Amino acid sequence: MNITLIVPVYNEQDTLEHFYRTVRAEPSLQGMTVEILFVNDGSSDETEAICAELALRDEWVTVINFSRNFGKESALFAGLEYADGDAMVPIDVDLQDPIELIAQMVERWQQGADVVLAKRRSRDADTPLKRWSARLYYRLHNRIASTHIEENVGDFRLLDRKVVAAIRQLPEQQLFMKGVLSWVGFRTEIIEYDRPPRVAGESKFGLWRLWNLALDGITSFSTVPLRLWTYIGAGVSLFALVFAVYLIVQKVLWGIDLPGYPSLLSAILFLGGVQLIGIGILGEYVGRIYQETKHRPRYVVRKVLGRRRQPR
Ligand code: UDP
Ligand code: MG
């Protein structure tokens, strides 16, 4: 039985060694073959050298070096394409995904689950803003998207090899991994854990990056934001019609001259704004269609290191 850990790393010189030692020292993993597949996402620090050194030391370490930074989503996908364990576990290098949980996942998997999700018990460690926005996002996503994503579950999960085979079939360039990983379905179980803080280094996901990730998630799995405009348009038209009838009746019955300049202006500005938002949302989707039609590869591999593996 071979478990492959898929570990995207981007400028992680301070955490790599620690991660490696923790995995190898974990008592609950001693009976299994645990392969570590680092995907070096175009790091500019010592990450590549440290990974290479680990691959020399340990035959069950493989390193895929990207030609530049392609983002965590692409790195994860590359890991899934290269990995060939009986089960794969995408995991962060900063030890925020506890190593001791892997054995529990494996146990559930051996009992018949195809996917075992690791769910955060609480978000108490996060800032209130992050907690609130995450909650809002999951609610919104699950209300409007075709694919349900489990709240407070990141990419950390165990995937059976047949699940990974299904994910590899997906041709999309714009990867929202959380959605893609859930999209395939299969028998899914959940275990809960408390998420510790990062061991070293800094988070690479600031607010702006998270916002863009959220946009990717919604546009990848829902067309509700597009359809919404039909209803908004219908609502506004209906209102305008009723209002026009009212104005005519008022004029005929009482002949009042309407003093309407400021209200006219605000109505024009309001509708102009609404239309621009509509076009903007349309643009989000059109832009994504454009990107998608180019069929560019999701990542470019510069070099693969590891004694057990040759580049494909
Ligand atoms: N990561 C990556 N490419 C990037 C950004 C991050 O491969 O462009 C990796 C990073 O090295 C880490 C994982 O993704 O292993 C999670 O990143 P981080 O801990 O910064 O995110 P957070 O835990 O704050 O969501
Ligand atoms: Mg982290």
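The values are calculated or read from the model by the stated rules, or taken from the named source; none is laboratory data. What you see is a predicted model; the values in this text were computed from it and never measured. Neighbour counts are summed over all protein chains in view; Cβ atoms, including those assigned to glycine, are modelled from backbone coordinates with ideal geometry.
V249 meets the conditions (1) without any contact (Cβ under 8 Å) to a residue 60 or more places away in the chain; (2) hydrophobic (A, V, I, L, M, F, W, C); (3) within 30 Å of K119 (Cβ to Cβ) in every case but one. The failed one is (3). Only residues that are surrounded by 12 or more Cβ atoms within 10 Å (Cβ to Cβ) and at pLDDT below 85 were counted across the range 265-304, and they come to 1.
With respect to the stated conditions, A87 is under 27 Å from R108 (Cα atoms) and more than 16 Å from ligand 2 (Cβ to nearest atom). Please go through the range 77-99 and give me each residue that is modelled with pLDDT of 90 or more, among the acidic types (D, E) and within 15 Å of D160 (Cα to Cα), ordered by number. E81, D86, listed by residue number.
Here is a yes/no grid of residues against (1) over 23 Å from Q169 (Cα atoms); (2) small (G, A, S):
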site	(1), (2)
N11	yes, no
D14	yes, no
V23	yes, no
P27	yes, no
Q30	yes, no
V39	no, no
E48	yes, no
S67	yes, yes
L76	no, no
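When every residue of the range 193-206 is checked against the conditions, at least one turns out to be of a type in the set (F, W, Y), within 16 Å of ligand 2 (Cβ to nearest atom) and assigned to a loop (DSSP other than H, G, I, E, B). Quick one: in the range 10-24, of everything that is within 12 Å of ligand 2 (Cβ to nearest atom) and within 18 Å of P98 (Cβ to Cβ), which residue is modelled with the highest pLDDT? Residue satisfying both the conditions and the ranking: F19.
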